[in-house]
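Remarks on the structure that follows.
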Amino acid sequence: MAPTPTGNRRTRVHVVSDVHGNARDLARAGDGADALICLGDLVLFLDYADHSRGIFPDLFGVENADRIVELRTARRFEEAREFGARLWAGVGSDRWVVIEKAVRKQYAEMFAAFPTPTYATYGNVDMPPLWPEYAGPGTTVLDGERVEIGGWVFGFVGGGLRTPMRTPYEISDEEYAAKIEAVGEVDVLCTHIPPEVPELVYDTVARRFERGSKALLAAIRRTKPRYSLFGHVHQPLVRRMRIGATECVNVGHFAGSGTPWALEW
């Protein structure tokens, strides 16, 4: 990590999203930057590219992971839920105890890999109540909040909107819009999910539209930040586009690439 910017020296930040268990590359993600920004999804429940990785296959095996991915990819969400429920029934009443234990293990590794300083917000598969236990003094967690980095104001809004997938941190459109409103005018608007633009929310591998935010799109048009940075869609149809004066960038699927997106000014 580079020293804190002083004088007229340029500032450089690295941005990651959808880390999904990639602690090895996360430990190097801040190299050469003044700060690291993480847009969430630290937890790996199930790797759609490698069904042997994640909490789900650890508990239920690769064959069952293959099956639930097949159902979800085919958008047979009700069948996927019923299939998952049968598997979880075998765990009994300790289901959430088992999940939390696995998530805690991943969080301990992920947060230990964060450089100083790191500014982070939640993804839709994260569990926000656990973050305060793992975020050290060098990591600032923000959600519906702002921070200044190198003279620019960055706003952060975490989580996702409600979907049939029912991931842990999905909130209502109204709650999400309120957090966007609380952030107000910023130079860089950092969110986990993209604005609701078809090219930005369509995943070309999963072959489906993910949920983007109309409130985020409206805020971009109204407040005109320099950048809108986000992740969530792992293989987007379009990774970058302009909306008026704003450069909108999907910073990439860090679990797969291991490479942060860089912003310098």
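Read-outs throughout are calculated quantities, based only on the coordinates presented, and are distinct from any laboratory measurement. On a predicted model such as this, the values are computed, not experimentally measured, just so you know. Quick reminder, even Gly has a Cβ in these numbers, built from the backbone with ideal geometry, and neighbours come from all protein chains shown.
Report for the stretch 115-162 the percent antiparallel among DSSP-assigned beta bridges with both residues inside it, nearest 5. Spell out each step's value before the answer.
On the way: 5 of 8 bridges.
For the stretch 115-162, the DSSP antiparallel bridge percentage is about 60.
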Query raised in the report: How much length, in nm to one decimal, is gained on full extension between Arg95 and Ala182, taken as 0.36 nm per residue of separation minus their Cα-Cα distance?
Result: 27.8 nm
Requested in this report: Calculate for the chain the 222 nm mean residue ellipticity that helices alone would give, adding -39,500 (n - 2.57) per DSSP H run of length 4 or more and normalising by residue count, nearest 500 deg cm²/dmol.
Outcome: -9000 deg cm²/dmol
**Report entry** DSSP beta bridges in the chain [antiparallel fraction, %, rounded to 5]
**Finding:** 40 percent
Report task. Run the numbers on the chain and let me know its relative contact order in percent, using alpha-carbon pairs under 8 Å that are six or more apart. Result -> 21 percent
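What does the charge dipole of the chain about its Cα centre add up to, to the nearest 20 debye, if the Cβ of each Lys and Arg holds +1 and the Cβ of each Asp and Glu holds -1? Walk me through the intermediate numbers first.
Numbers: 31 positive and 35 negative charges, 97 e Å.
Around 460 debye, computed over the chain.
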Query raised in the report: Which net charge results for the neighbourhood of Gly231, defined as the other residues with beta-carbon distances under 10 angstrom from its beta-carbon, given Lys and Arg at +1 and Asp and Glu at -1?
Result: -2
Requested in this report: Can you grab the distance from the C-alpha centre of the stretch 31-100 to the C-alpha centre of the stretch 175-240, Å, no decimals?
Outcome: 24 Å
Query - Cβ-derived FRET efficiency at R0 45 Å, Met241 paired with Glu82, nearest 0.05 - result: 0.70
**Report entry** Karplus 3J(HN,Hα) series, Hz, for the stretch 15-31 with 6.51 cos²θ - 1.76 cosθ + 1.60 (x for Gly, Pro)
**Finding:** 10, 10, 8, 6, 5, 6, x, 7, 5, 4, 6, 4, 5, 10, 5, x, 4
Query raised in the report: In sequence order, what are the phi-derived ³J(HN,Hα) couplings for the stretch 132-142 according to the Karplus relation 6.51 cos²θ - 1.76 cosθ + 1.60 with θ = phi - 60°, rounded to whole Hz, with x for glycine and proline?
Result: x, 6, 10, 6, x, x, x, 10, 9, 9, 10
Query raised in the report: Which of the lysines could a cross-linker span from Lys214 if the Cα-Cα distance has to be under 25 Å and same-chain partners fewer than 8 positions apart are dropped?
Result: Lys179, Lys224
Query raised in the report: What longest region of the chain stays clear of trypsin sites (Lys or Arg not before Pro) that DSSP places outside H, G, I, E and B and that have at most 16 other Cβ atoms within 10 Å?
Result: 77-161
Report summary line: Counting only residues 5 or more apart in sequence or on a different chain, those whose built amide H sits under 5 Å from that of Ala29 are none
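What length, rounded to one decimal in nm, is gained on full extension from Thr163 through to Phe209, with 0.36 nm per residue of separation minus their alpha-carbon distance?
Length gained between Thr163 and Phe209: 15.5 nm.
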Report task. Note down the net charge around Asp66, summing +1 for each Lys or Arg and -1 for each Asp or Glu among other residues with Cβ under 15 Å from its Cβ. Result -> -2
Query - Cα extents of the stretch 121-265 along the three principal axes, largest first (Å) - result: 40, 36, 34
Requested in this report: Give the span of the chain's Cα atoms along each principal axis, as three whole-Å numbers ordered largest to smallest.
Outcome: 60, 36, 29
Query - Candidates Met127, Met241, Met110, ranked by Gaussian network fluctuation over the chain, Cα under 10 Å, top entry - result: Met241
Report summary line: Computed over all unlike Cα pairs, the Kirkwood hydrodynamic radius of the stretch 1-123 in Å stands at 16.4 Å
Requested in this report: With just the Cα atoms of the stretch 190-237, tell me how far they stretch along each of the three principal axes, in Å, largest first.
Outcome: 32, 15, 14
